[in-house]
1. Measure out, as a whole number of angstrom, how far apart the alpha-carbon centroids of region B:164-203 and region C:48-69 sit.
2. All other residues with a Cβ under 12 Å from the Cβ of C:ARG31 taken together, and with Lys, Arg as +1 and Asp, Glu as -1, what is their net charge?
3. Quick check on the protein assembly as shown: helices-only [θ] at 222 nm, where DSSP H runs of length 4 and up contribute -39,500 (n - 2.57) each and the sum goes over total residues. Nearest 500, please.
4. Across 10 Å bins from 0, what is the distribution of all Cα-Cα pair distances for chain B, in whole percents?
5. Under unit Cβ charges (Lys, Arg +1; Asp, Glu -1), what dipole magnitude, rounded to 20 debye, does the protein assembly as shown have relative to its Cα centre?
6. Could you tell me which of D:LEU42, B:ALA204, D:VAL87 has its Cα farthest along the dipole of the protein assembly as shown towards the positive end, charges placed at Cβ (Lys, Arg +1; Asp, Glu -1), taken about the Cα centre?
7. Relative contact order of region C:106-240: what whole-number percent is it, with Cα pairs under 8 angstrom and at least 6 residues apart?
8. Could you please rank A:SER84, D:SER20, placing first whichever residue has the fewest other Cβ atoms within 10 Å of its Cβ?
Amino acid sequence: MATTERKDKTMSMKAAVAAFVHDGGTVCLEGFTHLVPTAAGHEIIRQGRRDLTVVRMTADIVVDQMIAAGCVSRLVSSFVGNSSAGSLGELRRRIETGEPAPLAFEEYSHYGMICRYLAGAQRLPFHPLRSYGGSDLPSVNSDLRKVTSPYPGPDGEPEQIYVVPPVNPDVTIIHAQRADLSGNTQIWGLTGIQAEAVYAADKAIVVVEEIVDDEVIRSDPNRTLVPAHAVDAVVVCPRGAHPSFAQGYYDRDNAFYRAWSHISKDPRRLQEWLAEWVLGTADHAEYVDKLGEQFWAGLAVGEALSRPVNYGRRL
Amino acid sequence: MATTERKDKTMSMKAAVAAFVHDGGTVCLEGFTHLVPTAAGHEIIRQGRRDLTVVRMTADIVVDQMIAAGCVSRLVSSFVGNSSAGSLGELRRRIETGEPAPLAFEEYSHYGMICRYLAGAQRLPFHPLRSYGGSDLPSVNSDLRKVTSPYPGPDGEPEQIYVVPPVNPDVTIIHAQRADLSGNTQIWGLTGIQAEAVYAADKAIVVVEEIVDDEVIRSDPNRTLVPAHAVDAVVVCPRGAHPSFAQGYYDRDNAFYRAWSHISKDPRRLQEWLAEWVLGTADHAEYVDKLGEQFWAGLAVGEALSRPVNYGRRL
Amino acid sequence: MTTTTTTTAPDTTTSSELLSVVASRELAARRTVFAGIGLPTLATELAHLTVAPEIEVVYESGVCGAHPSHLPETIADAVLITGAEAVLSMPALFGCVLQGGHIDVGFLGAAQIDRWGNLNTSVIGDWDSPSVRLPGSGGGIEVMANSREVFVVMRRHNPRSFAETLDFCTTPGPDRALAEGIRPLGAGVTRVITELGILARAGVGEELRLVAVHPGVTVEQVRAATGWDLKAAGTVGTVPPPTEAELRLLREDVDPDRVYLR
Amino acid sequence: MTTTTTTTAPDTTTSSELLSVVASRELAARRTVFAGIGLPTLATELAHLTVAPEIEVVYESGVCGAHPSHLPETIADAVLITGAEAVLSMPALFGCVLQGGHIDVGFLGAAQIDRWGNLNTSVIGDWDSPSVRLPGSGGGIEVMANSREVFVVMRRHNPRSFAETLDFCTTPGPDRALAEGIRPLGAGVTRVITELGILARAGVGEELRLVAVHPGVTVEQVRAATGWDLKAAGTVGTVPPPTEAELRLLREDVDPDRVYLR
């Protein structure tokens, strides 16, 4: 039986961002603490994109950097903080003072964002969820609406429930451990909402630590969270999730998270950081080199291999 | 840091069915072609359960057998056929002639059933889906209802969409390749709707090909589709999915699927089959033995191992 | 059938081969196909070797990018899983891939089809006490509502199957959905391939029309075999018979063990 | 604090230790806890060794049954994943586990809490132009709506944090939800553990009341530190100070590197 030869979708980060991220567009960056697509955010900064709407559950350091670089006019998010390490200085300034420019903010809860991705991925007009009853959020976010269930509630009376609308980004960018040339993408450890965010988008860029042979992917098809048909570009970018981590590849740079609260608190220092580390590097490979091998040795991880399972072979 | 010692939830099939499957109850059996919980269905027959509502996307041989044994008064399903191999004789007789007793049937489509499980698992009053518009199904299934989206449709006008209600079985039974003693359950190959069906239920029985050491499960936590906290009983029952298959353990018995169309066509022959193979065996181990080692050799599969991934270890 | 040129097939062509070859040609330039096992698989595999090199089958069991070692016997055959590129959960498959709009062509079968491409897979007779209880929708309702277009392959072309009025409409085409105020994604059934010829429609508001007949079949034969007043295209073409190259690929590469080419 | 018996702790007990020990006791007989990193983790781990041997932490990152080699620094720390029993996707975690009703106790923090256990984690000041923009809900809204009960651990007990009126209600308790006609699953906040004592409420319709103070703290001190007219239980107990056994477990087994016990 014949099998399909698949298209090679690999591109450089520069080419992928140029092709799929446009001024005024809606860009989703996902990865829940794990596999944050930082290198892609940096390339968006280097290419000077403007007026983006950024969609991301946990708006963290990379979002603060993109805002500080002037790329972002609107943010859709459910958590705007520097993890447990402190604050996002630029984001707070924009919202608290409107300086140097205001930032429009659509505030959700985590599950509200998850349901927006689910609705977007599944082409649903809305997704219901048991949140928001009694919250002030609907008073500041008119997209949080209610529907009456057509089935009686537990007490026999009509039952109301909040719903959220779909989100359909122009492009979703995720970071993953590995993919094949055509974009079959495997992720392990925390898998978050990446697959749904990809399906919700018009175009999808998958940034990976490494490209592997088809045989590696195909030895474990359940590990493929994003199939090739949903992927438009595959970008190889080792260590592209720093300062977040890639399970089994490198650990989280907790020191940088703590440092960011201080860097971002001072606008001048923040801009100097961007000038040196993002605009001052040609690409992520240069950023990685600049950090130095000794630095990376500090984030190195040891081996904890999964035990193989048998998929079976017809005899 | 301390870690939790988990409860041993292993039970015999007899004890698990006695404890969790009750006359008049709603029983969900899931497994989409792969990992059909046949042995559990047979034990329900042996224990003579009556007046069950059976919920199963693809009502296939095991459902036909349970109906023929007089266990089932109501069926909720989206496909009532013997795979591509033919018909379910008893099910057809019950619906076409009402003989020897009628069978109430709630007809859905596959995604309708999936959405019922999703709503049940997530405690939602309903789940929307883009199916059923223009179908005659809502005229024979009053649980297919419509909701008006609170967001304007693509043309700016109000948009209507069908919804299905949650299903919350009293007990869900699934078959899986392996679990640990406390019920952390790993499935590979086709994973179907098993996890949602478990979460939708009040109680859950997981039938497995084998119990493995905690270390095996914990070497690959992404493979755990059903976590221990959702499982009430773990039953070890090798080859319990026959005539369906268990990826990597044994192949599908296609000859039996073809044979069932003939067996089930003749009520007497069907009852003889039940008398010999189900009521005439004390448990599934006896059924397996009765088939014989030569038979099982014919369904044996070779090795196709997944390549390990590195979860990493802090150095 | 003709045997007058070297590029056309000998008249030993079976009905399965004919339908597979004709269906394969209709897949030109399509990328994602949602297909069951049997003729749709054969057609898709042949299309991959001929008119649609980038085509990919997504199976209802959740398998994407299968590389089976043997021709699969069911959509869930273990040989489809081992070595596949991805295996998706049911919510991902039906929600994200199918309802999400990623399928170009869905293949469906039916016991009855009407002139608008509505399908009955539930019952012959009344739903409440049918003379024949059929398997029901499976994922058919979703394939119809969410694929860009749907191909139907029907071996039997007779007035009971090509019905003026369906006994029950399990799987509605877009015209019926729109009449209820619900807008489906796709065009509904655009091709019906039978042993007599090809019916086609472009989308909403159009009936199925006879666009081509197999060599030796007349328009009147097809109209007589159809339960409704079948309209014909201005010019009804003749389906070119399977070429020797197509048959060779089908017999030697796609189904050498003749699992489906019975 | 008292040092008069051998089973109570020396007065070197830190505030983190005190809060962790008191919170751990409240987890008696609970089975599933949804917790962030820090004091809730310490409390849960200590409860496991003392009053709740079957307790399991589910982390907001999707980890169930973690067996970390080192004390985790975040809810997504790589050491929580390696060797865990299960790692769930976000839809499974928030949809099936949390909204599905599988969590007995959720731990939450807040910048402000009111007498009904409603929480503000969004802004100080107006939402449109706040004086302080806080991180927002995260999963807090879902933890409150879907856990059987919620414990709040607040280091600072002062009238700005224990507010008569919230600047913004991010995370409503069940009383506010019911006023809007929406019925949440759980009781809302049932315990607030602070450096001064313990506030409690049983569920809908009840205000938080002072049920216990730490040794040496007076009811009046707590009322003065609370922004609303705090009611006290008929009998306000005294929280037994951490025992030496509790402190030893916390210091030697739970957090030997003193990552959180600062």
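Every number in this text was worked out from the coordinates using simple rules, so none of it is lab data. These numbers were taken from a predicted model, which means no experiment stands behind them. Neighbour counts run over all protein chains shown; Cβ positions are idealised from the backbone, glycine included.
1. That distance is 29 Å.
2. Local charge sum for C:ARG31: +1.
3. Roughly -7000 deg cm²/dmol at 222 nm, from the helical runs in the protein assembly as shown.
4. Bin by bin from 0 Å, the calculated values are 6, 25, 33, 22, 10, 3, 0.
5. Here the protein assembly as shown has a charge dipole of around 740 debye.
6. Positive-end residue among those listed: B:ALA204.
7. 26 percent.
8. In increasing order of surrounding Cβ atoms, one gets A:SER84, D:SER20.
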